[in-house]
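Visitor: Pasting a structure below so you can have a look.
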């Protein structure tokens, strides 16, 4: 696997990034865990997700991909080996439940995440 430094962060990320937007809808939690295991074993250390995944978005799948990744971290104990990127999107009215974050909370929770690094 080839790696590159991510901007000015000093983080070395794999040039291949796993985009698990199907976890929780097209793929089961078990399938997602197996795919994460395969990616990690192949040297992928970069995962990109978003709270609106899984695709297509809906009230029953909102945040499903992040939940699958979270249970994988909990079961496998591999959090220290992964660079996890996420996004917060404006959810279309009527699409999904309200996000658990807000403009006021997001900077605080992000700061706590960076302090853990």
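Visitor: For segment 1-42, max minus min Cα coordinate along each principal axis, in Å, sorted largest first?
Guide: In descending order, the Cα extents are 35, 18, 11 Å.
Visitor: Going 7 Å from the Cα of residue 67 in the Cα-to-Cβ direction, what parts of segment 1-45 have a backbone nitrogen less than 16 Å from that spot?
Guide: 21-33
Visitor: Counting residues in segment 1-72 as N, plug N into 2.2 N^0.38 Å and put the Cα Rg over that result.
Guide: Relative to the rule-of-thumb radius for its length, segment 1-72 sits at 1.16.
Visitor: Separate question: With labels modelled as points extended 7 Å from the Cα through the Cβ direction, what inter-label distance (nm, one decimal) is found for residue 41 paired with residue 55?
Guide: According to this spin-label approximation, the distance is 2.6 nm.
We did not get these values from a lab; they are worked out from the coordinates using the rules stated. A quick note: this is a predicted structure, and the numbers were derived from the prediction, not measured. Neighbour counts run over all protein chains shown; Cβ positions are idealised from the backbone, glycine included.
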